[in-house]
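For reference, the structure is listed below as structure tokens.
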Amino acid sequence: MIIITAHYDHIGIKDGKIYNGADDNASGISGLLAIARYFKAKRPKHTLIFVAFDAEEKGLRGAKHFVNNLPVSKDLIKLNVNMDMISRSDRNEIYAAGTYHYPHLKKTLDEIAKTALVKLSLGHDRPELGNDDWTNASDHGPFHDKGIPFIYFGVEDHEDYHEHTDEVEKIIPVFLTNTIISILETIKKLDQQ
């Protein structure tokens, strides 16, 4: 069983300004919906559960609640694929974090990287990186805390991260599309294993 996740909340209104969170994380939700639509038409080998979380920005509350109240046995869950900020990169680069903790996933990601339409880099998951260690930076963190392997797809922070200027006009549509395709290809390959 693979659980595919993204969060739909953002900061809201602060000092009279609306924080829409186009990249953080409407982009992840768009990926979640696109991948769900694909698998609705093409039945996967494994059970896939799609979850859109709330309260990520308030301390991963939605993910923590879900993991502490799993609808299935934890032993059935082989992987969490989480998407958070996947629509903007001046370097055409998306990161896949998690292989430091779960090295068995590296081979699959290396294979996807060879043909991906975006630069797929591994990293941001080593404890010595301090704030650059994304192991607990988003909704995959509570899964990891329970020993459930994860792959977290995301871009590095940009000037609009957690700002009211994170608007749809700044999304790079071709990058978002190609990133979603790369994530989908990763899930398809893992589903066949």
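The values are calculated or read from the model by the stated rules, or taken from the named source; none is laboratory data. These numbers come from a predicted model, not from an experiment. In this analysis, Cβ positions are derived from the backbone assuming ideal geometry, glycine residues included, and neighbour counts consider all displayed protein chains. Each accessible area value is taken on the protein alone, full model and side chains, heavy atoms only, with ligands, DNA and RNA left out. Shrake-Rupley method; radii C 1.70, N 1.55, O 1.52, S 1.80 Å.
Structure summary
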item: Per-region count, segment 126-168, residues of a type in the set (A, V, I, L, M), out of contact with any Leu (no Cβ under 8 Å at 6 or more places or on another chain) and either outside any helix (DSSP H, G or I) or in contact (Cβ under 8 Å) with a residue 60 or more places away in the chain (or both); result: 3
item: Selection status of Ile4, within 22 Å of Pro173 (Cβ to Cβ), in contact with an Asp or Glu (Cβ under 9 Å, 6 or more places away or on another chain) and not in a helix (DSSP H, G or I); result: no
item: Members of segment 80-105 found to be in contact with a helix residue (DSSP H, G or I) (Cβ under 8 Å, 6 or more places away or on another chain), surrounded by fewer than 24 Cβ atoms within 10 Å (Cβ to Cβ) and either at pLDDT below 95 or at positive phi (or both), listed by number; result: Asn92
item: Residue in segment 169-184 that is of a type in the set (Gly, Ala, Ser), outside any loop (DSSP other than H, G, I, E, B), within 21 Å of Ile35 (Cα to Cα) and out of contact with any His (no Cβ under 9 Å at 6 or more places or on another chain) present; result: yes
item: Condition check for Ala36: open to solvent by less than 40 Å² (accessible area, probe 1.4 Å) and in contact with a helix residue (DSSP H, G or I) (Cβ under 6 Å, 6 or more places away or on another chain); result: no
